[in-house]
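Structure first, then comments.
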Amino acid sequence: MDLIFHEKQEGQLCAKHCLNALLQGPYFTEFDLASIAKIIDDEERLKMAEGGENRQEYREFIEGPSFNMDDSGYFSIQVLANALKVWNLELVPFKSQNTIAEIARRDPMSQKSYICNYKDHWLTIRKIGQQWFNLNSMLSGPELISDTYLALFLAQLQEEGYSIFIVNGDLPSCKSDQVLSTVRVEQAEKPHTIAEYADRSSTEAIKGDSCSGGEDDESCLQRAIAASLESELEDEQKQLQAAIAMSLESK
């Protein structure tokens, strides 16, 4: 799995992570995407000005924030689409009447990669070699997706509110694709989310500390169990809070 290029989430830069995971290399920086966003903003301003710069609509547009980026690191679909044009790649909405989309809906495996978006989060699903991977930057590493599960996974994302785009065109050559085209990988344990990964590391550190100072095995074990139970309780509380938040959003 180390061969597969995967950027872990930094701030709100999931658009950058998504594109680099798709292309399998550090091709874009947040500054590159910001430059693309500015070009799009300028083009939109010129288009709006065609109707007259004295219009209230134009003044509100000029004074308002950019729809293509913000200070948090968010970038719009237009920015991603324009960035991919450099590689002669285009994004096709999965639900559209485009012939490519109709083929993809019948057979998701007929495509090479997908980009998905929910609210402000972007992620890539891509075939590398002979297998499919979820390259979500919120995960601690690539997640293997079986061929039989791919269609169900895409359906699950749609049910959760994700917009899915097919990446149409030839992706640039990459080492991971070359190597995995001749071998298949297995994944004994699925990657954790970044938050779970941090919690796990913290818990392991606590357990390590609990056995220091020359304590006997029984005392050490009791402290380790207590730390583990405390961590599980915190996880349950987080899950409950997330469930409450989702319930409130749906009302």
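Every read-out reported here was derived from the displayed coordinates using simple, explicitly stated rules and does not represent laboratory data. In this text the structure is predicted, and so the values were computed from the model without any measurement. Virtual Cβ from ideal backbone geometry, glycine too; neighbours counted across all protein chains shown.
State which entries of Lys8/Lys190; Lys38/Lys119; Lys16/Lys119; Lys95/Lys127 exceed 18 angstrom in Cα-Cα distance in the structure shown. Too far apart for the 18 Å limit: Lys38/Lys119; Lys95/Lys127. Go ahead and run the numbers for FRET between Glu90 and Lys190, Cβ-Cβ distance against an R0 of 45 Å, rounding to 0.05. Computed FRET efficiency for Glu90 and Lys190 comes out at 0.90.
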